[in-house]
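A.B. asks: Below you will find the structure I want to go over with you.
Here, each number is a calculation from the coordinates, and none is a lab measurement. In this text the structure is predicted, and so the values were computed from the model without any measurement. Glycine gets a Cβ as well: all are built from the backbone with ideal geometry, and neighbour counts include every protein chain shown.
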Amino acid sequence: MHAEYGGVVPELASRDHIRRVPSLVTELLADCGRGLDDLGAVAYTQGPGLAGALLVGAAFAGGLSFALDLPCVGVHHLEGHLLSPMLGERAPDFPFLALLVSGGHTQLLEAGAPGRYRLLGDTLDDAAGEAFDKTAQLLGLGYPGGPAISALALRGNPARFTLPRPMLHSPGLDLSFSGLKTAVALLVKRESMDDQARADLAAGVELAIAEVLTAKAVAALRATGLPRLVVAGGVGANRRLREHLSAAAEKLGVPVFYPDLALCTDNGAMIAFAGALRLAEATRGAFQVRPRWDLASLSEAVDYFGAA
Ligand code: KG4
Ligand code: ZN
């Protein structure tokens, strides 16, 4: 539905959520061999995100909670991503450096304890995911672009086109991807993009993003001395990025934790998990959305986890 537009159209997304959420819950319970009676609580994504789509999920969760008389808890979407590696077999301990790379966010965070996050670096403009999606759109690959770009990149030569590595050598931990996006747009206009050129460009973009993210993650590990790295968010599924991060972290002697591929991109399991940790905040039948919501602000909230 969104591929035609090269991105998510908010109004179409929220209307589609309304159509799909009720049957999705029914199907999911059937697949798990469970019924509504088995539920102990309802967790939903409270934000950040598109207000319309958030409202559909939140209202559905609030209604379910009211009807079943269950606790209902709103979750920060990025906290869901950040905790998703803990659903794997090899769960990281706290504290860790988190590289959060999703469609809308590219951040480096210090995670001191559950609920305690400090922002160390952020993108000044576009997210890395947007650079993937924009490149895919320019190459007519549809949306989401990341998986399509990495598939195309497999047979490309990343050295053919010279692409910028924005802020690679800047002193801080902030990032920027709009220059890369512009460079790709100019290239696509200028060159005749045959099949091999498209693959080469995909490989070049993927490499540029992997190098910049890896350099900043390394800088953040050095600056903070944090003992482990956790990678989360849709872009964290990218194979080349994983190779670069793992190689760099190994040199530093720092273990890296990735969520299972299925838990990298948006999913309900990570929201359920974060919600389970935040049950103390639950209400019944009430819901709220926060389309703009800073993850670090969770640390200022009441200390539900008894963390130091
Ligand atoms: O975390 P996510 O599923 O949704 C958001 O919260 O935004 O991330 C979606 C982003 C999209 O930009 C998508 O193109 C990107 O993750 N993505 C990838 C890959 N799989 C998904 N980017 C690069 N390589 C991938 N394999
Ligand atoms: Zn996400």
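A.B. asks: Does segment 281-300 contain any residue that is crowded, with 20+ Cβ neighbours inside 10 Å, assigned to a helix (DSSP H, G or I) and more than 16 Å from ligand 2 (Cβ to nearest atom)?
C.D. replies: no
A.B. asks: Looking at segment 1-55, which of its residues are loosely packed, with under 12 Cβ neighbours inside 10 Å and either of a type in the set (Gly, Ala, Ser) or within 19 Å of the chain's Cα centre (by Cα) (or both)?
C.D. replies: Residues satisfying the conditions are Ser23, Ala30, Gly33, Gly35, Gly40.
Yes or no, residue by residue, for (1) surrounded by 21 or more Cβ atoms within 10 Å (Cβ to Cβ); (2) of a type outside the set (A, V, I, L, M); (3) in contact (Cβ under 8 Å) with a residue 60 or more places away in the chain; (4) closer than 30 Å to Ser299 by Cβ:
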position: Asp93; (1), (2), (3), (4): no, yes, yes, yes
position: Ala98; (1), (2), (3), (4): yes, no, yes, yes
position: Ser102; (1), (2), (3), (4): yes, yes, yes, yes
position: Ala111; (1), (2), (3), (4): yes, no, yes, yes
position: Arg116; (1), (2), (3), (4): no, yes, yes, yes
position: Ala128; (1), (2), (3), (4): yes, no, yes, yes
position: Leu152; (1), (2), (3), (4): yes, no, no, no
position: Phe177; (1), (2), (3), (4): yes, yes, yes, yes
position: Leu186; (1), (2), (3), (4): no, no, no, no
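A.B. asks: Test each condition in (1) more than 23 Å from the chain's Cα centre (by Cα); (2) farther than 28 Å from Leu221 by Cα for Gly142 and report the one that comes out false.
C.D. replies: (1)
A.B. asks: Another question about this same structure. Keeping to segment 231-267, report how many residues are in a helix (DSSP H, G or I) and in contact (Cβ under 8 Å) with a residue 40 or more places away in the chain.
C.D. replies: 10
A.B. asks: Return the pairs, sorted by first residue and then second, in which the second residue is of a type outside the set (Val, Ile, Thr) and surrounded by 19 or more Cβ atoms within 10 Å (Cβ to Cβ), the first residue lies in segment 64-84 and is free of Cβ contacts under 8 Å to residues at least 40 places away in the same chain and assigned to a helix (DSSP H, G or I), the beta carbons are less than 8 Å apart, and the residues are 6+ apart or on different chains.
C.D. replies: Leu64/Cys72
A.B. asks: Do we have any residue at all in segment 254-265 that's crowded, with 17+ Cβ neighbours inside 10 Å, closer than 30 Å to Asp69 by Cα and of a type outside the set (Lys, Arg)?
C.D. replies: Narrowing segment 254-265 to residues crowded, with 17+ Cβ neighbours inside 10 Å: 254, 256-259, 263-265.
Retained after the next criterion (residues that are closer than 30 Å to Asp69 by Cα): 263.
Narrowing the set further to residues that are of a type outside the set (Lys, Arg) leaves 263.
Yes, because at least one residue in segment 254-265 is crowded, with 17+ Cβ neighbours inside 10 Å, closer than 30 Å to Asp69 by Cα and of a type outside the set (Lys, Arg).
Conditions (1) in contact with a Gly (Cβ under 6 Å, 6 or more places away or on another chain); (2) farther than 25 Å from Ala208 by Cα; (3) within 13 Å of ligand 1 (Cβ to nearest atom); (4) not aromatic (Phe, Trp, Tyr), marked per residue:
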residue	(1), (2), (3), (4)
Leu229	no, no, no, yes
Gly236	no, no, yes, yes
Arg239	no, no, yes, yes
Glu250	no, no, no, yes
Val254	no, no, no, yes
Thr265	yes, no, yes, yes
Gly268	no, yes, yes, yes
Gly275	no, yes, no, yes
Arg278	no, yes, no, yes
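A.B. asks: Here is a check on your reading of the model: is Gly103 assigned to a loop (DSSP other than H, G, I, E, B), touching a helix residue (DSSP H, G or I) at 6+ places or on another chain (Cβ under 6 Å), small (Gly, Ala, Ser) and closer than 26 Å to Phe273 by Cβ?
C.D. replies: It is true that Gly103 is assigned to a loop (DSSP other than H, G, I, E, B), touching a helix residue (DSSP H, G or I) at 6+ places or on another chain (Cβ under 6 Å), small (Gly, Ala, Ser) and closer than 26 Å to Phe273 by Cβ.
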